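Notes follow once the structure below has been shown.
The values are calculated or read from the model by the stated rules, or taken from the named source; none is laboratory data. Predicted model, so just to flag it, every value in this text is computed and none were measured. Every residue, glycine among them, receives a Cβ derived from its backbone with ideal geometry; neighbour counts consider all protein chains shown.
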Amino acid sequence: MTIQQTVRRTLQGRVVSDRMNKTVTVLIERKVKHSVIGKILVRSKKYHAHVDNIEVLSGDIVQIEECAPISKTKSWRVMRVIEKA
């Protein structure tokens, strides 16, 4: 029998809010091509991510990883800080 390992999605984005306890809001921006016009558009989405023992401030670039739901809106965890603000 083999052990199946779950593949967790990771995203990279900018912290836009650090006012909550143990939670930050991360803005993820991705570029998509319009199907008809062909113009490159920027689509963005915000995720709430759990922070434990990592110093994260607003404006930092962080890497977040999908995890089991921690609360109603949190199912992502901050893995590391890529760039400080």
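Quick look at the numbers
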item: Residue that is farthest from the chain's Cα centre (by Cα), among those in region 2-27 that are under 18 Å from Val56 (Cβ atoms) and not in a strand (DSSP E or B); result: Asn21
item: Qualifying residue in region 28-43 (condition: assigned to a loop (DSSP other than H, G, I, E, B), surrounded by 13 or more Cβ atoms within 10 Å (Cβ to Cβ), hydrophobic (A, V, I, L, M, F, W, C) and at pLDDT 95 or above); result: no
item: Single condition Glu55 does not satisfy, out of (1) surrounded by 10 or more Cβ atoms within 10 Å (Cβ to Cβ); (2) under 12 Å from Val81 (Cβ atoms); (3) not hydrophobic (A, V, I, L, M, F, W, C); result: (1)
item: Yes/no for Ser71 being hydroxyl-bearing (Ser, Thr, Tyr) and under 13 Å from Val26 (Cβ atoms); result: no
item: Region 67-85, subset among the charged types (D, E, K, R), assigned to a strand (DSSP E or B) and surrounded by fewer than 16 Cβ atoms within 10 Å (Cβ to Cβ), residue farthest from the chain's Cα centre (by Cα); result: Glu83
item: Matching entry among Val42, Val32, Val26 (being in contact with a strand residue (DSSP E or B) (Cβ under 9 Å, 6 or more places away or on another chain), β-branched (Val, Ile, Thr) and under 19 Å from Ser71 (Cα atoms)); result: Val26
item: Residue satisfying condition, being among the hydroxyl-bearing types (Ser, Thr, Tyr) and at pLDDT 95 or above, within set Thr10, Thr6; result: Thr10
item: Unique match (being closer than 15 Å to Val16 by Cβ and of a type in the set (Asp, Glu)) among Glu55, Glu65, Glu83; result: Glu83
